[in-house]
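Here the structure comes first, spelled out in structure tokens, and everything after it is commentary.
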Amino acid sequence: MRRNVSQVPKEFMVVELLIEKPQAECDSTNNNFELHLHLGPHYRFFNGALHPVVSQTESVWDLTFDKRKTLGDLRQSIFQLLEFWEGDMVLSVAKFVPAGLHIYQTLDGDDLMLCEVDIADGEDIFVWNGVEVGGIQIPTGGDCEPLLLNVLSLTPSGEGGECQQLIESPRVFPSNAQLGTVFSALAIPEGVVVLISNTESIGEESWTTVPKEDLKKTFREQGLRNGSSILIQDSSSDNSLLTKQGKWITGVNDTDWLQVKNLCQLESEEEQVKVSATVNTVVFDIRIKAIKELKLMKELAENSCLRPIDRNGKLLCPVLDSYTLKEAGLKMGSSLGLCPGKAPTSSQLFLFFAVGSDVQPGTEMEIIVEETTSVRDCLKVMLEKSGLSGDTWHLRKMDWCYEAGEPLCEEDATLKELMISSGDALLLTEGKLPPLKHEMNKLKAAVRRLALSSVGAPSDGHAEGSLLFLGDVDISEDAALVELKSQVRPLLQHSLAMTLPSFSEFCIPSPAFLRAWTVDSKRPGRLLRFHHQQLKEYKLGRRTEICLEPLQKEENLGPQDMLLRTQMRLPGKRAYTLPMDMVWDTARGSTAGSLRQRVADFYSLPVEKTEIAKYFPEKFEWLPVSSWNQQITKRKKKKKQDNLQGAPYYLKDGDTIGVKAKKMSENIAHYFEMQNLLVEDDDDFSTVRDDIAREKQKQLALGKKSQEALHVQSSDVASGAETPARPRGPEASLSIHVGSFR
């Protein structure tokens, strides 16, 4: 007699639930990941990047999704979430850069699982129509990544323009734009000299003059990156900020004075005065001298401070009295404001803050707090000064274009611990804090062991080396890839010397001699190509395996370069030579013809006699690469784009490409000295190892089916022996009602 669920003992139900719950939690932990959806209609494009119209919080939707599902499933789920969406929906991978949000790659292939399209946990996905945002066509890809640069120039200041003042302004340019576009962007006439510095601060670093013919080179070709500086000078003027050796100097036309304005709201005979000084003059002496020359009350000496004034007239952070002009970073000819109130001490912070999301320049409030103040206490003080109350507020950093940045999630941490410094701007944002993110990723580094066969020896294996576990590395998400390589390099060097005697004298001179990959299914997966990119921008997740591969020479791959492992098939044998790394520039198109031409040039083969195929290690199969014209069937079909990065090849970094030469005449063979590379005219690229592996897979699949059939048969026999067959009752109709959940 079959019992109802209500008749099942309660303790049995509890045990069953306890068993199912950990299984569900484990399945969710292993296969779910979080995606950050940035909705196109909530963004606008300005200053070279995408920025939220209202706030970051309202423009981003967090979605937890099963990475075993396909890209089409993800697109359909987003369609259901966004009921207001009309028209085409394109999903693209985006990343935050100093200038804002930038779109890098459009996701294609709705039949691919998410784990196959290089989407990482915590990835930023931009949802749009694939063309424009707010009526503006959006540039995409790594080649046009926006760069935030510091542009410095001289402008007249003081009475009658006697002195020239150095001004610095942040500007955004596409990395693939010509350097000469800086003239039109800043409305600068011809006849100027452009100098560049790749350091993040002017300091004492060297500057390089850009020749006129090099102005047609791109910003990236000139080596400029985020934080680099561009100095613009009039070539006809003698006012130079640099020596002949390209070093920064402190004086402009031997100027030895500062301009101090009276901002104390007190009447005086003079509104501003010039105070003579040197780079070693103490700020306190300049302040006292300015009070005397402005003929102000002596009491101000105990309750006033000097604050630099920028080009827009904004008052900056007060300068400590104990600093010299050099220590304070003040240049001769600068403008200072004499303001009421004491300057912060060395243990205090002077901070700007504003309320809400629509912040206008000049509307910020000011506050002085101890650097040991916690984020929670600092928030309370700012709320009190703003006349606000409630516990649904949090603090965020504010970037250079007055946009909300990262939230200060650690409320009990001190401002000093979070590296908040004087002059920083914070934003009072309404709403509770988002979930705390882990700031440290534990990365498991492994080294890719190279093949030990001698050069030229036949091999039926493929371009895959074994991985040797080195250990765990704790490193900040804010660290660059080159820092990870530097940290692991000594460990890798020691491991090579200990495990491979032939590598005992092998030296890794610098991190540039290491190639980094993620590890996917115990083999190298995604190539991490940019040395100075932060680890958090790679979206590696909280626990990631990293594979490091030693190189014989330095490598600097561009965003359009694809790294492939090529192997030449040996004549008369189902075997290949040792793999060779080949870089293929896909900027001109990822077509079969382009790849075949590159392979032919790489092996000095005639292109019409070159055949290539991609290897799929999971299936132990080779897929010949042919152009679209060779794939056209007799049926009329719309011609698709011949792109090897799409179906059915899905070509990516690290893939193995088999190469063989078609049979050719003896005269041509002798001319190219290719007798040892001649092969038969067939499409077989497989090896003996592939045959054995496929046979094993087939046997395993047949064995699994036999076991399942035997299990079902034994279950039927057992059930038939235990209980006699009962006559089936009459069928009854079944009605199912589905409610509306909208």
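Of all the numbered requirements in (1) in contact with a Cys (Cβ under 9 Å, 6 or more places away or on another chain); (2) under 29 Å from Val60 (Cβ atoms); (3) not in a strand (DSSP E or B), Lys380 misses one, and that requirement is (1). Looking at Asp601, Asp561, just one residue is within 25 Å of the chain's Cα centre (by Cα) and either free of Cβ contacts under 8 Å to residues at least 40 places away in the same chain or open to solvent by 40 Å² or more (accessible area, probe 1.4 Å) (or both), and that residue is Asp561.
Among all residues of the stretch 569-581, there is none that is assigned to a strand (DSSP E or B), closer than 29 Å to Ser175 by Cα and either touching a residue at least 60 places away in the same chain (Cβ under 8 Å) or within 21 Å of the chain's Cα centre (by Cα) (or both). Scan the stretch 498-521 and tell me whether some residue there is open to solvent by 70 Å² or more (accessible area, probe 1.4 Å), modelled with pLDDT under 75 and aromatic (Phe, Trp, Tyr). No. For the stretch 97-106, the criterion of being open to solvent by less than 30 Å² (accessible area, probe 1.4 Å) and among the hydroxyl-bearing types (Ser, Thr, Tyr) is met by none of the residues.
Among all residues of the stretch 298-318, there is at least one that is out of contact with any helix residue (DSSP H, G or I) (no Cβ under 9 Å at 6 or more places or on another chain), farther than 30 Å from Val53 by Cβ and part of a helix (DSSP H, G or I). Listed conditions (1) at pLDDT 75 or above; (2) farther than 30 Å from Val260 by Cα are all met by Leu149, apart from (2).
Screening the candidates Leu241, Leu258, Leu231, Leu195 for the property of being touching a strand residue (DSSP E or B) at 6+ places or on another chain (Cβ under 8 Å), at pLDDT 85 or above and open to solvent by less than 40 Å² (accessible area, probe 1.4 Å) yields one hit, Leu258. Among the residues making up the stretch 109-128, a single one is at pLDDT below 90 and either in the same structural domain as Gly525 (by the TED database) or within 19 Å of Trp85 (Cβ to Cβ) (or both): Asp110. What do you reckon, is Met89 open to solvent by 20 Å² or more (accessible area, probe 1.4 Å) and in contact with a Lys or Arg (Cβ under 7 Å, 6 or more places away or on another chain)? For Met89, the condition - open to solvent by 20 Å² or more (accessible area, probe 1.4 Å) and in contact with a Lys or Arg (Cβ under 7 Å, 6 or more places away or on another chain) - is not met. There is at least one residue in the stretch 346-362 that is free of Cβ contacts under 8 Å to residues at least 60 places away in the same chain, assigned to a loop (DSSP other than H, G, I, E, B) and closer than 24 Å to Ala413 by Cα.
Is there a residue being assigned to a strand (DSSP E or B), over 29 Å from Ser228 (Cα atoms) and assigned by the TED database to the domain that holds Lys609 anywhere in the stretch 534-543? No, the stretch 534-543 contains no residue that is assigned to a strand (DSSP E or B), over 29 Å from Ser228 (Cα atoms) and assigned by the TED database to the domain that holds Lys609. Yes or no: Lys397 at pLDDT below 60, open to solvent by 30 Å² or more (accessible area, probe 1.4 Å) and either polar (S, T, N, Q) or assigned to a strand (DSSP E or B) (or both)? Against the criterion (at pLDDT below 60, open to solvent by 30 Å² or more (accessible area, probe 1.4 Å) and either polar (S, T, N, Q) or assigned to a strand (DSSP E or B) (or both)), Lys397 does not qualify.
Residue-wise test of (1) at pLDDT 85 or above; (2) buried (at least 18 other Cβ atoms within 10 Å of the Cβ); (3) more than 36 Å from the chain's Cα centre (by Cα).
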position	(1), (2), (3)
Glu269	no, no, yes
Val279	no, no, yes
Glu293	yes, no, yes
Gly313	no, no, no
Cys317	yes, yes, no
Phe353	yes, yes, no
Asp358	no, no, no
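Among the residues making up the stretch 564-588, those that are open to solvent by 40 Å² or more (accessible area, probe 1.4 Å) and touching a helix residue (DSSP H, G or I) at 6+ places or on another chain (Cβ under 9 Å) are Pro571, Arg574, Met580, Val583, Asp585, Ala587, Arg588.
Scan the stretch 400-435 for residues that are aliphatic (A, V, I, L, M), more than 12 Å from Phe352 (Cβ to Cβ) and either touching a residue at least 40 places away in the same chain (Cβ under 8 Å) or crowded, with 16+ Cβ neighbours inside 10 Å (or both) and the total you get is 5. Can Glu327 be described as free of Cβ contacts under 8 Å to residues at least 12 places away in the same chain and either under 21 Å from Ser276 (Cα atoms) or not small (Gly, Ala, Ser) (or both)? Yes: the conditions hold for Glu327.
The values are calculated or read from the model by the stated rules, or taken from the named source; none is laboratory data. Since the structure is predicted, the reported quantities are computational estimates derived from the model, not experimental observations. Because the Cβ atoms are built from the backbone with ideal geometry, glycine has one as well, and the counts that use them run over all protein chains shown. The accessibility values were calculated without ligands, DNA or RNA, using every heavy atom of the protein model including side chains. Shrake-Rupley method; radii C 1.70, N 1.55, O 1.52, S 1.80 Å.
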